[in-house]
1. In region 143-177, which residue that is at positive phi and not charged (D, E, K, R) is surrounded by the fewest Cβ atoms within 10 Å (Cβ to Cβ)?
2. Counting just the residues of region 41-76 that are modelled with pLDDT under 95 and crowded, with 18+ Cβ neighbours inside 10 Å, which one comes out farthest from the chain's Cα centre (by Cα)?
3. Here is a check on your reading of the model: is Val170 in contact (Cβ under 8 Å) with a residue 40 or more places away in the chain and of a type outside the set (Ser, Thr, Tyr)?
4. Taking Thr185 and the conditions (1) in a loop (DSSP other than H, G, I, E, B); (2) of a type in the set (S, T, N, Q); (3) at pLDDT 95 or above; (4) over 16 Å from the mean Cα position of the chain (by Cα), which numbered condition does it fall short on, given that it satisfies the others?
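The values are calculated or read from the model by the stated rules, or taken from the named source; none is laboratory data. Please read all numbers here as calculations on a predicted model, not as lab measurements. Cβ atoms come from the backbone with ideal geometry, glycine included; neighbour counts cover every protein chain shown.
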Amino acid sequence: MRLGNNPISGCVKPTDAILFRSFVNQMRNKPFLAVLLTTVLLNPPPLRPQAHSTTASDSLFQTVQSLDTKLFDAYNHCDLATISSLVAEDLEFYHDQTGLAVGRQALVDGIKNNICGKVTRELVAGTLEVYPIAHYGAVEIGIHRFHHPGQEDEVGEAKFVTLWQNKDGVWKVTRALSFDHHPLTK
C-alpha cells in the first residue's frame, strides 16, 4: 500500500502500522514533538534538498552546520566531553529503533557503550536544512549516513531533526530525532 503520491514513502507493512500507532500513543504526552514530527512528515523535503534554507540567514546556517560538524566529529572520535558540552542536561533523544533517551548522561552512556569504535556518521551532502526558531534557536533537518568500520558494505541512512537552543550565546541540543533508519541501497 502506498501512502499518497509521495514516492519516498515506499511500501507500508502491517508491522509499520503497529509501530506507528505505538509511536503516536507515546507522542500524545509530548505535544511539541507531535507538532514538530507532523510538520516534518507531512512536508517531506525534496528528494535532494539543497544545503540551505530560504528562511535562515547565511550566518545561522553556517553556525548550525558548524555545530553539527563539531558534534559528529566528537561522535566519530568518541570525544564524550565535547558531546556533553553540546547537549542540554534535559535532552530528549527519540530514535525509531531504540526509543526515547532522556538526559545528557543517557545519551553519553549510549554513545560510549554502543557507538564508540563501532559506528561513524556523515551528513549526506546537500540535505542540510536550517530554520530559525524565534526566541529559542534553530531547527536542523537532514539525512545522515552511518558506516561500520571494517564492514564497508554495511552502510545505513536515516533522517534527523535536531533542535538547537541558543541561550546567552551558548548553543546546545535540547531535542533530537533520528528516524527512518534503513540500509543504503547501492
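1. Here the residue is Gly169.
2. Residue satisfying both the conditions and the ranking: Ala56.
3. The answer is no for Val170.
4. It is condition (3) that Thr185 fails.
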